[in-house]
Amino acid sequence: MNRKSQMKRITKETDIKLSLQLDGGDVEVNTGIGFLDHMINTLAVHGGFGLVLDADGDLNVDAHHTTEDVGIVLGKAFSEALGDKTGIVRFGSAFVPMDEALGFCAVDISGRPFLVLNAEFTNERVGSFDTCLVEEFMRAFAYNAGITLHLRCEYGKNDHHKIEALFKALAYALKAAIKQNSGEIVTTKGVL
């Protein structure tokens, strides 16, 4: 199975090029937003994905359009790389500690997009990244990937640690869900 995708998306707000290989490869991330680069790099490395991402956005406005559009393109790439979802485990979950913070993620690669995010941040920003954009990225990713995504920060004090725990939990949950099984589609419907 060819579990790869190449995407390009240009709008008046962003210009994004992405190459995704679900079974590993080089990781290079450049969005112009340092903390977002760190989180997406973390997602790829811990998920075992090859990801080359270059995003040029209207950062003179703020980071919203770039963050959301990166989520859209990455989600579409995941969906395309998985094809009809034949031969994947489908479900995955993970708890990940990051110092004093603990993140949890559960995913269902179902074709039915949904996001539940239960996390509170005490600061408006980590670096130049607005903490409210965590939800924008996760929603864009989930809806465009066609996955049901539940994320919860169990506890923590440092917003950097809480957000990183969530991204790492997402990585390990996705890694489990896309693992190849006996070749069947895991559903009673016969199709996802």
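Kindly provide the set of residues from the stretch 149-171 that are among the aromatic types (F, W, Y) and either at pLDDT below 95 or surrounded by fewer than 20 Cβ atoms within 10 Å (Cβ to Cβ) (or both), ordered by number. Across the stretch 149-171, the qualifying residue is only Y155.
Here is the figure for the stretch 123-133: residues that are touching a Lys or Arg at 6+ places or on another chain (Cβ under 8 Å) and part of a helix (DSSP H, G or I) total 0.
The single condition among (1) buried (at least 20 other Cβ atoms within 10 Å of the Cβ); (2) modelled with pLDDT of 95 or more; (3) more than 17 Å from the chain's Cα centre (by Cα) that L102 does not meet is (1). Suppose the filter is under 19 Å from L133 (Cα atoms), buried (at least 17 other Cβ atoms within 10 Å of the Cβ), among the small types (G, A, S) and touching a residue at least 24 places away in the same chain (Cβ under 8 Å); does G92 pass it? So G92 does not fit the description; no. In the set (1) over 24 Å from L22 (Cβ atoms); (2) outside any loop (DSSP other than H, G, I, E, B), the condition left unmet by K157 is number (2).
Yes/no matrix, rows are residues, columns are (1) under 13 Å from the mean Cα position of the chain (by Cα); (2) part of a helix (DSSP H, G or I); (3) closer than 21 Å to L20 by Cβ:
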| residue | (1), (2), (3) |
| --- | --- |
| R112 | no, no, no |
| L115 | yes, no, yes |
| F121 | no, no, no |
| E135 | yes, yes, no |
| Y143 | yes, yes, yes |
| H150 | yes, no, no |
| C153 | no, no, no |
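Among the numbered conditions (1) in contact (Cβ under 8 Å) with a residue 24 or more places away in the chain; (2) more than 29 Å from Y155 (Cβ to Cβ), the only one that T42 does not meet is (2). If you go through the stretch 45-63 and keep only what is within 16 Å of the chain's Cα centre (by Cα) and farther than 17 Å from L149 by Cβ, you end up with V45, G48, G50, L51, V52, L53, D54, A55. Cβ-Cβ distances below 6 Å connect the following pairs, each with a first residue in the stretch 124-140 that is within 10 Å of L36 (Cβ to Cβ), a second residue that is surrounded by fewer than 19 Cβ atoms within 10 Å (Cβ to Cβ) and at pLDDT 95 or above, and a separation of six or more residues or different chains: G127/G34.
The values are calculated or read from the model by the stated rules, or taken from the named source; none is laboratory data. Keep in mind the model is a prediction, meaning the values are calculated, not measured. No Cβ is skipped: glycine too gets one built from the backbone with ideal geometry, and neighbour counts run over all protein chains shown.
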